[in-house]
Amino acid sequence: MTRLSRRPLAWAIVVLVLAVVAGGVVMIPRLSGPDLAGTAQEQVISVDSSTRSALMEAADHFLETDPARNKGSFLATDKPALHPRTFCHEDLIEVRRKDPRLLVGLMAWCEELARSGDKLVAGSGYGVPLLLTMQSVNGRFTVQHVDEPGDGDANIPTIRAMFSPEGAPRAIELAGAGSDMEKGIRQEARTTFGLPPDAKVVLS
């Protein structure tokens, strides 16, 4: 499946269209019911705040830095001299137990950004529900595998397979609603690259 969009500001939201346009009115169906319930059977568990923070930190680090995941992004391919980086924000959906591992379901929003002079350059971006298989190794969580939804007709069925009965509707809702995370991600990039808070964003 294609995760990365070559249109910098058009997030590649991988979810089937959830809105039905009729007579100019957009009608959003309720995100519940058996047709959207997840089918994963592992036990959903609660985690304390320190474990949650450790899981999200590990997920964020992996999504931002894994070479295999980010090698096809636009700036890294076409403008490597800018030394682009991927910046992400994740919303936790659920944690399931699959001993000795944990299955961490989340909604990931990521954008590839770089500095060029006094400007911030935007490259590829995507938003997608993910299921990360994680395990504690020497006291630190590491990502061992990532499951992603399929495209087209396979999208909703694969999201349902990835998440619990309660988690799948939440994942579909987050993917279909879009996100305001772009602003926060770009502000983080400005700080990282030593740019002022009002530095202009330009498209690659």
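Since every read-out is calculated from the coordinates, none of them should be taken as a lab result. The structure presented is a predicted model; accordingly, all values stated were derived computationally and were not measured. Using ideal geometry, Cβ is built from the backbone for each residue, glycine included, and neighbour counts are taken over all protein chains shown.
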With a ≥ b ≥ c the root eigenvalues of the C-alpha gyration tensor of segment 40-143, is it rounded (a/c under 1.5), prolate (a/b larger than b/c) or oblate?
prolate
Give me the aspartates and glutamates in straight-line cross-link reach of LYS98: C-alpha distance below 17 Å, same-chain residues under 8 apart excluded.
GLU42, ASP147
May I ask you to list the aspartates and glutamates whose Cα is less than 12 Å away from that of LYS119, ignoring any residue fewer than eight positions away on the same chain?
ASP198
Within 9 Å, Cβ to Cβ, of PHE193, how many net charges do the neighbouring residues add up to if Lys/Arg are +1 and Asp/Glu are -1?
+3
